Structures are given as structure tokens and as C-alpha cells.
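Down below is the structure, laid out as C-alpha cells.
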Amino acid sequence: MKILLVEDEEKLARFVELELKYEGYEVEKAFDGRRGLEQALSGVFDLILLDIMLPELSGTELLRRLRRVSQVPVIMLTARDGVPDKVAGLDLGADDYITKPFEIEELLARIRAALRRRETDAAATDGTVTCGVVTLDPSSRDVTVSGERVELTKREFDLLEYLMRNKNVVMSRDKLLGDVWDFDFDGGTNAVDVYVRFLRAKIDDVFNIKLIHTVRGVGYAVRDTEGAT
Ligand code: CA
């Protein structure tokens with residue numbers, strides 16, 4: 001599990017980092033909002049700890065921009081008197097918040113809870129996945145668009161399933177390569193581009209829909225298709 005910690009108080013950041021690492025999490029730190037957003041958008045994190053008062057870009061603004069493309073769990077770190085921040089953060093789609101100063105045990109418990117909720121959500125949708133007119137059934141390995149069946153290779157299916165299960169989450173090429181391809185695959189990240197092109201040729205182009213979106217400089221995301229059902 002990989003956590004991004006966006007916190008400009010370096011002493012606090014280092015302390016939290018050490019505790020998280022002790023618990024077995026991988027941790028990366030960002031000390032300002034702009035850098036934090038860049039790292040958050042890389043799509044490689046399982047959870048983000050986000051301070052609100054940050055230089056360059058505030059935590060709430062970071063969250064607002066992040067939520068346009070990613071549903072990664074976010075726990076906000078807020079000041080004691082930051083009630084408006086908490087409300088704004090939760091409205092913007094933060095999963096939880098913790099008030100500074102906090103006990104590390106409480107933070108760890110909230111992290112576990114947020115990660116558990118995501119797993120439960122994922123398990124609840126373990127069957128058929130739908131994005132607009134596109135439906136994917138993992139048990140029969142059928143993909144249909146507006147009820148019409150599409151023939152995919154195993155790799156195409158696996159890539160599409162992964163993207164659809166992470167709907168609206170921008171996935172970097174590295175992340176896709178790591179999670180969809182075998183560990184010993186060394187064909188480079190352009191394999192991802194090639195397979196996205198195959199999928200678009202079979203789905204987007206044939207049915208004249210926009211399912212797989214390119215996010216320039218970041219990667220790919222599947223979004224609900226618009227139009228007829
Ligand atoms: Ca701060």
C-alpha cells in the first residue's frame with residue numbers, strides 16, 4: 001500500500017512518514033500543494049493524506065482538482081479551528097479528516113478504515129461493470145456495447161476490465177503495465193498505448209463513443225459514455 005503525504009510542516013511529515021513506514025506502508029512526501037497535486041495525479045497511490053494549509057496550492061484546491069479525475073481515498077489533516085475547511089473538504093469528496101494535533105494510532109485507524117471501505121466498494125461491484133453503454137461481465141468474459149457483443153483478446157479484456165473497475169481514475173502507463181501485464185514483461189510502456197489503440201478501434205471507433213480518454217502527460221481513464229443507452 002502506497003501513501004502520499006502532502007504536508008508542509010517537515011517535522012510532522014517526517015514523523016508521520018516514519019510511523020507509516022513502520023506499519024509497512026510505502027510513503028512519498030510532498031511539501032507544497034502544487035507538487036502534491038502532480039504526485040497525486042500520477043495515480044500510483046492507494047491513499048492520500050492531505051494537509052489543508054499548504055504553500056503554492058491549498059489542500060482544498062488540490063482536492064478539487066484531483067477529484068475531477070481520481071477517486072483515490074483522501075484523508076485531510078486539518079487545524080483544530082478549521083471547521084469550514086473540514087466542511088469544504090468533505091463536500092469536495094474527502095473520505096475523512098483528522099484534526100491536528102492527532103494521535104498516530106487514530107490516524108492509522110482512519111487509514112485502515114478508508115482503505116477497507118474502498119475494498120468493500122470494489123468487492124460490491126465484483127460482478128458486471130458498466131460504463132454508460134458498455135457492459136463487461138468478468139464471469140463470461142463478455143463485453144457488450146448497447147447490447148452488441150465485442151470480441152476482445154485476453155489482454156484487451158484484462159486492460160478494459162481494469163480501466164472500467166477504476167472508472168474515472170486516471171491510470172498512468174506504469175501503473176497499467178504493472179497491474180495488467182506480467183511482472184516479467186519488458187516491452188515498455190508503449191505496449192499500453194498499443195492496446196488502448198486496439199480497444200478504441202474495436203469499441204470507440206466502431207460504436208462512435210468516447211470510452212477511453214487520454215489524459216495528456218498522465219495516462220488513461222475510462223469514463224461513462226454519453227448518448228443512447
Ligand atoms: Ca500546513
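Looking at 6, 72, 27, can you tell me which residue is touching a residue at least 60 places away in the same chain (Cβ under 8 Å), β-branched (Val, Ile, Thr) and crowded, with 19+ Cβ neighbours inside 10 Å?
Residue meeting the stated conditions: 72.
Using beta carbons and a limit of 9 Å, which pairs, at least six apart or on different chains, have the first residue in region 153-178 and under 16 Å from residue 189 (Cα atoms) and surrounded by fewer than 20 Cβ atoms within 10 Å (Cβ to Cβ) and the second one among the hydroxyl-bearing types (Ser, Thr, Tyr) and at pLDDT 90 or above?
Here the result reads 155/195; 156/195; 172/220; 173/220, each pair linking region 153-178 to a residue that is among the hydroxyl-bearing types (Ser, Thr, Tyr) and at pLDDT 90 or above.
So which of 36, 43 ends up being within 16 Å of the ligand (Cβ to nearest atom) and assigned by TED's automatic domain parsing to the domain that holds residue 84?
The match here is 36.
Return yes when residue 200 is open to solvent by 50 Å² or more (accessible area, probe 1.4 Å), at pLDDT below 95 and closer than 17 Å to residue 136 by Cα and no when it is not.
When the stated conditions are applied, residue 200 does not pass them.
For residues that are within 15 Å of the ligand (Cβ to nearest atom) and at pLDDT 85 or above, tally how many sit in region 49-89.
Total meeting the criteria: 19.
If you check residue 21 against the conditions, is it basic (Lys, Arg), surrounded by fewer than 19 Cβ atoms within 10 Å (Cβ to Cβ) and within 12 Å of the ligand (Cβ to nearest atom)?
Taking the combined requirement at face value, the residue does not satisfy it.
The values are calculated or read from the model by the stated rules, or taken from the named source; none is laboratory data. A quick note: this is a predicted structure, and the numbers were derived from the prediction, not measured. Heads up, the Cβs are rebuilt from the backbone with ideal geometry, glycines too, and the neighbour counts pull from every protein chain shown. Only protein heavy atoms, including side chains, enter the accessible area calculation; ligands, DNA and RNA are left aside. Shrake-Rupley method; radii C 1.70, N 1.55, O 1.52, S 1.80 Å.
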